[in-house]
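Sharing a structure, written as structure tokens. Questions coming.
We did not get these values from a lab; they are worked out from the coordinates using the rules stated. Everything quoted here is computed from the prediction, not taken from an experiment. Methodologically, a virtual Cβ is constructed for each residue, glycine included, from the backbone with ideal geometry; neighbour enumeration extends over all protein chains shown.
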Amino acid sequence: MSAMAQVALKYGANSAARAATGVDAKSMLALLTAPFSLVGLALYGLSALLWLRVLSLTELSVAYAFVGLSFILTLAAGAWFFDERITMMRVGGTLLISVGVLMVAASANSR
């Protein structure tokens, strides 16, 4: 869900970029109140509620490792929605994170 929130926030930031000319209050308000920014913030709120439930069910170290999976989703979303380049370094880094997630998941199951 956080990956979807990131996509919405990026759309909101891009759409408000013309009105946001700096870091002054008016520019920050334009970024904050862009429709997609509001959607992104709402998604983050929902994901926080889901995160609380996950934390109540599993160990923190195991749950947090799975946050790393959002790197895969945001890499793909960046390329798909925003034509961002996927370099070998980005793919390699994302694969390392994925291997780490698998290792942590395996360690949780091996108890």
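For the stretch 58-111, rounded, prolate or oblate, judged on the Cα gyration tensor with a ≥ b ≥ c (square roots of eigenvalues), a/c < 1.5 rounded, else prolate if a/b > b/c?
Working: a/c = 4.48, a/b = 2.28, b/c = 1.96.
Prolate is the answer for the stretch 58-111, as a/c is 1.5 or above and a/b outweighs b/c.
Quick one: which residues, 5 or more positions from E84 or on another chain, have an amide H under 5 Å from its amide H? H modelled 1.01 Å from N in the peptide plane, none for Pro or chain starts.
Long-range HN contacts for E84: A79.
Mind pulling the angle between the C-alpha long axis of helix 69-82 and the longest principal axis of the chain? Nearest 10 degrees, somewhere in 0 to 90.
For 69-82 against the chain, the angle is about 30 degrees.
Another question, if that's okay. How big is the dipole moment of the chain about its Cα centre under a simple scheme where the beta carbon of each Lys and Arg is +1, that of each Asp and Glu is -1, and everything else is neutral? Debye, nearest 20, please. Show your work: numbers first, answer last.
On the way: 7 positive and 4 negative charges, 5 e Å.
Dipole about the Cα centre, nearest 20: 20 debye.
What shape does the chain have by the C-alpha gyration tensor, where a ≥ b ≥ c are the square roots of the eigenvalues, rounded means a/c under 1.5, and otherwise prolate means a/b greater than b/c and oblate the rest? Don't skip to the end; give the middle numbers.
Numbers: a/c = 3.27, a/b = 1.62, b/c = 2.02.
Because a/c hits 1.5 or more and a/b fails to exceed b/c, the chain counts as oblate.
Pairs of Cα atoms under 8 Å, at least six residues apart: use those to get the relative contact order of the stretch 58-111, whole percent. Please report the intermediate quantities before stating the final value.
Details: 24 pairs, mean separation 28.4, N = 54.
RCO, the stretch 58-111: 53 percent.
What FRET efficiency comes out for the pair R90/S61, r = Cβ-Cβ distance, R0 = 30 Å, nearest 0.05?
Working: r = 25 Å, r/R0 = 0.85.
Approximately 0.75, to the nearest 0.05.
Between beta-carbons, use under 15 Å as the cut-off and find the net charge around T94, counting Lys and Arg +1, Asp and Glu -1. Spell out each step's value before the answer.
Values: positive: R85, R90; negative: E84.
Cβ neighbours under 15 Å give a net charge of +1.
I've got another one for you. So what J values fall out for the stretch 42-54 if you push phi through Karplus, 6.51 cos²θ - 1.76 cosθ + 1.60 with θ = phi - 60°, rounded to Hz, Gly and Pro as x?
Couplings: 5, 4, 5, x, 5, 5, 5, 5, 5, 4, 4, 5, 4 Hz.
Rank by packing, highest mean first: peptides 98-106, 38-46, with packing defined as the count of other Cβ atoms within 10 Å averaged across residues.
Numbers: 98-106: 13.1, 38-46: 15.6.
With the highest mean Cβ count within 10 Å placed first, the list reads 38-46, 98-106.
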